[in-house]
Number of protein chains: 2
Amino acid sequence: MKEFELINRYFTGRGITRRDVDLGIGDDCALISVPENCQLAVTTDTLVEGVHFFADIPPRALGHRILAVNLSDLAAMGAEPAWVSIGLTLSDVDQQWLEEFTEGMHDIAEYYNVQIIGGDTTQGPLTITVCAKGIIPKGKALTRSGAKNGDWVYVTGPLGDSGLAIEARKQGWDVAPEHLKSATERFNFPSPRVAAGQVLRGIATSAIDISDGLLADLSHILRQSGVGAVIHADKVPTSDALNSLDNDDVRLKLALAYGDDYELLYTVSDDNKNLLETKLQQYGVEPVCIGQIINNDGKLELLYHNQTWPLPDIGFEHFS
Amino acid sequence: MKEFELINRYFTGRGITRRDVDLGIGDDCALISVPENCQLAVTTDTLVEGVHFFADIPPRALGHRILAVNLSDLAAMGAEPAWVSIGLTLSDVDQQWLEEFTEGMHDIAEYYNVQIIGGDTTQGPLTITVCAKGIIPKGKALTRSGAKNGDWVYVTGPLGDSGLAIEARKQGWDVAPEHLKSATERFNFPSPRVAAGQVLRGIATSAIDISDGLLADLSHILRQSGVGAVIHADKVPTSDALNSLDNDDVRLKLALAYGDDYELLYTVSDDNKNLLETKLQQYGVEPVCIGQIINNDGKLELLYHNQTWPLPDIGFEHFS
């Protein structure tokens, strides 16, 4: 199967059609009408085989995941996801693989009302880059720079499951099958917190998605807001799967310093704390307060059961 | 050098700043204000080492080229380039290489008033995906589907040089050094026809950029417009470098069926022919008429000095 046949079979005419897309796949560019009084939010994320995922990842999961990690960035700004472009580099054409991969992609796109508007399909080592675009009422975006002294620090859900899935496999840990299965499912099919992000608009003072690890991503907020924070490691939500690890060090490291779960981390003023909790709960998202922003020269202090706990090496960076 | 240091050194705060970019590199998303009464044009192109370029391509050329091929798609719609996002996958961090690569990228971005608004930097086999975004007055885009019976077929400049550069190297052809040099320069630093594309708005009936080869790209227009065409191969403009090849077959194949030069192919009605020629010449672009659109059941007829000439295998497709 050649390039254009591939595009026609797996992309053209599949997935949803948005009314604001004036021209979709099939010309030199797609054409979009961005609603008035809205800003365009744009983000790009790449997944590389052997770096971001094992070569045997189920193709449906990979198709889901590449969109999910991009939609998560839109969620962290409070944006409404709308359109994605896909740079898909494949070593060869495996039709079964492609069918499942694109099904995973179309399913999550449809769920979030996102249209695939174009891209490029090339031959080479398996690499996928998505550029996702969303809309947001002018001036309402959540940024990393708005956290203030006294704000409370929250996360939208349990952390460390993706790290557990990866490290258990890499290091051959003895984890109960049901725990390994649920953690792997979490890695394979992350849920970007799109609704939560939109609820946070106008209430939260800052937000970021946890892609590199809780402490690494929090440190971006602290630096860009010019503040510090105290985090209670024992308040960070974790799953039964993660709780099944009996080594505190390992468990905390996965929860605090591993990324890939795509929950949101956000801050809210004391005045808006109750409003935020009520609103999020209406959307089925449990607000979990894990600490507070303080003026302490930008330091990040970690406590575990109210005792100082050493900061783990925080967060993944390429080329480290 | 780690990922964030790399981004800070080579991207953040470098290049131009557009007033319509409300938030650039450094948050979960960039934020853009698209002007009222404009559509957003979006395109994505990927370059893979060993597939789209030799590993020893000068890094400055690669930085130029990845933006140029994307801006060329915007040009083909008549859009004004504005913002780009970059997915950059690098096997390792070579600071000299990165300095030159990003200089090439920033130079062409500045020339076309384009801001780099974000991206993702990851480790893996050298692959670059750019998503370029431009703006266009509502309803004024040039598409592939507007060519009509009797329209004239034009190109914006000489074709076949990039093919000459690549094939001469691959096949060890005996080409004079000055010709090889000028052809290679053309491959390394293609000039997207951004001004010409905007001039064509409201005058041309269809347009496409020649990335896969003249005949392949023309066939997209023919299929999407439901028409056929007669092309005079001897009228297709070629450079002194290409003309130095004395084999007609080879020369014509490079001019007609090789891509990578990034000229525009467009059609214009007989009524607008003179207006178009005058306007383009004002912008220093020589309009070259190479044939005509006809109603012949969608066929593409090729003549060489008014004799029927066999169609070469047309155009590059991945996975062929």
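Rounded to the nearest 5, what is the percent of antiparallel bridges among the DSSP beta bridges in region B:3-137?
Bridges in region B:3-137 that DSSP calls antiparallel: roughly 70 percent.
Using a 10 Å cut-off on Cβ to Cβ distances, tally the other chain neighbours for every residue of B:272-283 and report the average as a whole number.
Neighbouring Cβ atoms belonging to other protein chains average 0 per residue here.
Report, to one decimal in Å, the Kirkwood hydrodynamic radius for the protein assembly as shown based on all distinct Cα pairs.
Hydrodynamic radius (Kirkwood, Cα only) of the protein assembly as shown equals 25.8 Å.
What residue among B:Cys289, B:Leu164, B:Pro190 has its Cα farthest toward the positive end of the dipole of region B:151-308, where the charges are +1 on Lys, Arg and -1 on Asp, Glu, each on the Cβ?
B:Pro190
Compute for chains B and A the buried accessible surface, both sides summed, probe 1.4 Å, and express it in Å² to the nearest 100.
In total, chains B and A hide about 5200 Å² from solvent.
Quick one: length gained pulling A:Gln281 to A:Ser145 fully straight, 0.36 nm per residue minus the C-alpha distance?
Values: separation 136, 0.36 × 136 = 48.96 nm, distance 2.53 nm.
Length difference between fully extended and current span is 46.4 nm.
Binned at 10 Å from 0, what are the whole-percent values of the Cα-Cα distance distribution for chain B, short to long?
Reading the bins upward from 0: 6, 26, 32, 24, 10, 2, 0.
Take peptide B:125-137, look around each residue's Cβ out to 10 angstrom, count Cβ atoms belonging to other protein chains, and average those counts.
For this peptide, the per-residue mean of nearby foreign Cβ atoms is 6.
Output needed: Cys residues of chain A lacking any neighbouring Cys C-beta below 4.7 Å, sorted by number.
Those would be A:Cys29, A:Cys38, A:Cys289, since no other cysteine Cβ in chain A comes under 4.7 Å of theirs.
For B:Asp45, enumerate residues with amide H under 5 Å from its amide H, sequence gap 5+ or separate chain, H modeled in the peptide plane.
Here B:Val130, B:Ala132 satisfy the definition.
Which ³J(HN,Hα) values in Hz, rounded to whole numbers, follow from the phi angles of region B:49-56 under the Karplus curve 6.51 cos²θ - 1.76 cosθ + 1.60, where θ = phi - 60° and Gly and Pro get x?
4, x, 10, 9, 7, 6, 4, 9
Would you kindly derive the ³J(HN,Hα) couplings of region A:286-294 from the backbone phi angles with the Karplus curve 6.51 cos²θ - 1.76 cosθ + 1.60 (θ = phi - 60°), listing them in order in whole Hz, with x for Gly and Pro?
Once θ is set to phi - 60°, the couplings for region A:286-294 become 7, x, 10, 7, 10, x, 8, 7, 9 Hz.
Using a 10 angstrom cutoff on alpha carbons, build the Gaussian network for chain A and name the most mobile of A:Gly134, A:Gly160, A:Gly87.
A:Gly87
Which angle between 0 and 90 degrees, to the nearest 10, do you get for helix A:248-257 versus the longest principal axis of chain A when only C-alpha atoms count?
In chain A, helix A:248-257 runs at an angle near 50 degrees to the longest axis.
Based on the Kirkwood radius over alpha-carbon pairs, what is the Stokes-Einstein translational diffusion coefficient of region A:1-63 at 4 °C with 1.567 mPa s viscosity, in µm²/s?
Calculated translational D: 86 µm²/s.
Name the residues of region B:222-245, by number, that are at least 10 Å² less accessible with every protein chain in place than in the isolated chain; the surface is that of heavy atoms, probe 1.4 Å, without ligands or nucleic acids.
Buried-area filter returns B:Gln224.
Roughly speaking, to the nearest percent, how much of region B:151-308's 1.4 Å accessible area is carbon and sulfur?
The C+S portion of the solvent-accessible surface of region B:151-308 is 44 percent.
Pop out the ³J(HN,Hα) list for region B:122-130 in order, Karplus 6.51 cos²θ - 1.76 cosθ + 1.60 with θ = phi - 60°, rounded to Hz; leave Gly and Pro as x.
9, 9, x, x, 3, 8, 10, 10, 10
Just to confirm the numbers: B:Asn113, label point 7 angstrom along the Cα-Cβ line, distances to the other copies in nm, shortest first?
Here B:Asn113 shows inter-copy label distances of 3.4 nm.
Could you check the simple spin-label distance between A:Val93 and A:Ala176, using points 7 Å along Cα→Cβ, in nm with one decimal?
Here the answer is 4.7 nm between the modelled labels.
Only four residue types carry charge here, +1 at the Cβ of Lys and Arg and -1 at the Cβ of Asp and Glu. Report the dipole size of region B:3-137 about the Cα centre in Debye, rounded to the nearest 20.
320
Where nothing but the Cβ of Lys and Arg (+1) and of Asp and Glu (-1) is charged, how large is the charge dipole of chain B around its Cα centre, in debye to the nearest 20?
Dipole size: approximately 840 debye.
Over all residues in A:114-124, what is the mean tally of Cβ atoms on other chains that come within 10 Å of each residue's Cβ?
That works out to 6 on average.
log10 I(q)/I(0), Debye, Cα-only region B:198-312, no solvent, q = 0.17, 0.22 Å⁻¹?
-0.88, -1.41
Of B:Leu90, B:Gly50, B:Val21, which is farthest along the charge dipole of region B:3-137 in the positive direction, counting Lys and Arg as +1 and Asp and Glu as -1 at C-beta?
B:Val21
Beta carbons within 10 angstrom, averaged per residue: use that to sort the peptides A:22-30, B:95-103, A:73-81, B:228-236, highest first. Intermediate values should be presented prior to the final figure.
On the way: A:22-30: 22.4, B:95-103: 16.7, A:73-81: 29.7, B:228-236: 19.1.
Sorting A:22-30, B:95-103, A:73-81, B:228-236 by mean packing, highest first, produces A:73-81, A:22-30, B:228-236, B:95-103.
Return one number: the angle in degrees, 0 to 90 and rounded to the nearest 10, between the long axis of the Cα atoms of helix A:273-282 and the longest principal axis of the Cα atoms of chain A.
40
Kirkwood hydrodynamic radius (Cα pairs, Å) of region B:3-137?
That comes to 15.0 Å for region B:3-137.
Compute log10 of I(q)/I(0) for region B:106-216 with the Debye formula, placing one identical point scatterer on every Cα and leaving out solvent, at q = 0.22, 0.23 Å⁻¹, to two decimals.
Each listed q maps to, in turn, -1.29, -1.32.
Got a sec? Charge dipole of chain A, +1 on Cβ for Lys and Arg, -1 for Asp and Glu; which of A:Ile208, A:Phe4, A:Ala255 is way out at the positive end?
After comparing all options, I get A:Ile208.
Between copies, how far does the label point of B:Gly13 sit from its twins, in nm, shortest first, when each point is 7 Å from Cα along Cα→Cβ?
Reported distances to equivalent positions: 5.3 nm.
Which GluC sites (Glu not before Pro) does region B:1-73 hold that lie in a coil by DSSP with at most 16 other beta carbons within 10 Å?
Sites meeting the loop and neighbour criteria: B:Glu36.
Between copies, how far apart are the A:Gly150 label points? List them in nm, one decimal, shortest first, with each point 7 Å from Cα toward Cβ, please?
So the label point of A:Gly150 gives 7.6 nm to the other copies.
Express the accessible area of chain B per residue in Å², computed with a 1.4 Å probe while the remaining protein chains stay in the model.
39
Could you state the number of Å between the C-alpha centres of region A:1-18 and region B:1-46?
Rounded to whole Å, the Cα centres lie 28 Å apart.
May I ask for the angle, rounded to the nearest 10°, between helix A:214-225 and the longest principal axis of chain A, with both axes built from Cα atoms and the value confined to 0 to 90°?
Roughly 80 degrees, rounded to the nearest 10.
Counting Lys and Arg as +1 and Asp and Glu as -1, each charge on the Cβ, what is the dipole of region A:151-308 about the Cα centre in debye, to the nearest 20?
320
Would you mind getting me the FRET efficiency between B:His305 and A:Arg223? Use the beta-carbon distance for r and R0 = 60 Å, nearest 0.05.
Computed FRET efficiency for B:His305 and A:Arg223: 0.30.
Would you mind checking region B:50-82 for residues with the amide N under 14 Å from a putative spin-label position 7 Å along Cα→C-beta of B:Tyr111?
It comes to B:60-72, nothing else.
What spacing in nm lies between the two simple spin-label points modelled at B:Asn295 and B:Asn274, each 7 Å away from Cα in the Cβ direction?
2.7
Test of understanding: in a Gaussian network model of chain A with alpha carbons linked when under 10 Å, which of A:Lys253, A:Lys133, A:Lys170 would top the mean-square fluctuation ranking?
Between A:Lys253, A:Lys133, A:Lys170, it is A:Lys170 that shows the largest mean-square fluctuation.
The values are calculated or read from the model by the stated rules, or taken from the named source; none is laboratory data. Everything quoted here is computed from the prediction, not taken from an experiment. Here Cβ is always computed from backbone atoms with ideal geometry, including for glycine, and neighbour counts include all displayed protein chains. These area figures cover heavy atoms from the full protein model, side chains too; ligands, DNA and RNA do not enter into them. Shrake-Rupley method; radii C 1.70, N 1.55, O 1.52, S 1.80 Å.
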